[in-house]
1. How about the range 186-204: which of its residues are within 15 Å of ligand 1 (Cβ to nearest atom) and outside any helix (DSSP H, G or I)?
2. How many residues does the range 213-230 contain that are more than 14 Å from ligand 1 (Cβ to nearest atom) and either hydroxyl-bearing (Ser, Thr, Tyr) or assigned to a loop (DSSP other than H, G, I, E, B) (or both)?
3. In the range 189-202, what residues are in contact with a strand residue (DSSP E or B) (Cβ under 8 Å, 6 or more places away or on another chain), more than 14 Å from ligand 2 (Cβ to nearest atom) and of a type in the set (A, V, I, L, M, F, W, C)?
4. Among the residues that make up the range 205-212, is at least one of them aliphatic (A, V, I, L, M), without any contact (Cβ under 8 Å) to a residue 24 or more places away in the chain and part of a loop (DSSP other than H, G, I, E, B)?
5. If you scan the range 68-109, which residues turn out to be of a type in the set (Gly, Ala, Ser), surrounded by fewer than 22 Cβ atoms within 10 Å (Cβ to Cβ) and more than 10 Å from residue 50 (Cα to Cα)?
6. Just one of the numbered conditions (1) modelled with pLDDT of 95 or more; (2) surrounded by 13 or more Cβ atoms within 10 Å (Cβ to Cβ); (3) not hydroxyl-bearing (Ser, Thr, Tyr) is not true of residue 230; which one?
7. Mind checking whether some residue in the range 65-83 is assigned to a helix (DSSP H, G or I), closer than 23 Å to residue 188 by Cα and more than 14 Å from ligand 2 (Cβ to nearest atom)?
8. State whether the residues of the range 210-224 include one that is modelled with pLDDT of 95 or more, touching an Asp or Glu at 6+ places or on another chain (Cβ under 9 Å), crowded, with 16+ Cβ neighbours inside 10 Å and more than 21 Å from residue 9 (Cβ to Cβ).
Amino acid sequence: MGVVALVPAAGRGERLGFGMPKALVPVGGVPLLVRAIRGLFESGRVRHVVVAAPPSDVDQVRTVTAPLAPAGGAVHVLAGGAERSDSVRLALEHALAEVPDVRVVLVHDAARAFTPPTVVRDVVDAVLAGHPAVIPVLPVADTVKRVDTKGVVVDTPDRSLLRVVQTPQGFDAATLRAAHESGLHATDDAGLVERLGVPVVTVTGHQDAMKVTTPFDLAVAEALLVGGTG
Ligand SMILES: Nc1ccn([C@@H]2O[C@H](COP(=O)(O)OP(=O)(O)OP(=O)(O)O)[C@@H](O)[C@H]2O)c(=O)n1
Ligand SMILES: C[C@](O)(CO)[C@H](O)COP(=O)(O)O
């Protein structure tokens, strides 16, 4: 089937402020990165994962992630870059060079460690059904305002047309490669693909796929475990 997942995990986790790279922060004794990779493999759709690790922790990440791979698969680990997009690009180059027959590429934040395997499956299956770019999304719960540089409200977008975007984002391999070779900039991979004029379709995301960014998010993640959904 040729599905590879790239996991950008090289962030410093400054907003979390845990004193170590966020991907290695334990929740219920298990690092976020390990939980994220487990979810990818548990989907049954992914056999190869390429991790962009914090440059100072490549060996440690290799040690903790190697045992997670299923039979016939592997976890590849390399040093990430300065920005998330650099980490994804480096992981993509590695995947296309080292993993045979890559047809579908997922990009999944290590920080979205509690993403249910069903979401991974839905994204992969939509790409395999012929969509070149697929993202999981949720409706926006709050009213959203656009403001100017002084913080004065400009307008109120129609909330029914807004979505919060999660990962994994899924792409056919050629589309993602073209997006990363374009020299464009965006805060997510689908944003690059949009700028190429490629249609991006959505599937339903999940609240558990939240990005662990702040200490509040970490408390929510711990609560998910206690509640038995994580
Ligand atoms: N240079 C970077 C920056 C981020 N990431 C990854 O991209 C994902 C989303 O980034 P974010 O949640 O913002 O993580 P951090 O950059 O670590 O957060 P902060 O801005 O608080 O330092 C994370 O899995 C993070 O590890 C990465 O691989 N390489
Ligand atoms: C890719 C992403 O998680 C989608 O919501 C998000 O754009 C990552 O943003 P960050 O600022 O790099 O954390």
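1. Result: 186, 187, 188.
2. Number satisfying all stated conditions: 4.
3. Correct list: 198, 201.
4. no
5. Hits for the range 68-109 are 69, 71, 72, 73, 79, 81, 82, 85, 97.
6. Evaluating residue 230 over (1) modelled with pLDDT of 95 or more; (2) surrounded by 13 or more Cβ atoms within 10 Å (Cβ to Cβ); (3) not hydroxyl-bearing (Ser, Thr, Tyr) leaves (1) as the failure.
7. Checking the range 65-83: not a single residue is assigned to a helix (DSSP H, G or I), closer than 23 Å to residue 188 by Cα and more than 14 Å from ligand 2 (Cβ to nearest atom).
8. no
The values are calculated or read from the model by the stated rules, or taken from the named source; none is laboratory data. Because the structure is a prediction, the values reported are computed rather than measured. Virtual Cβ from ideal backbone geometry, glycine too; neighbours counted across all protein chains shown.
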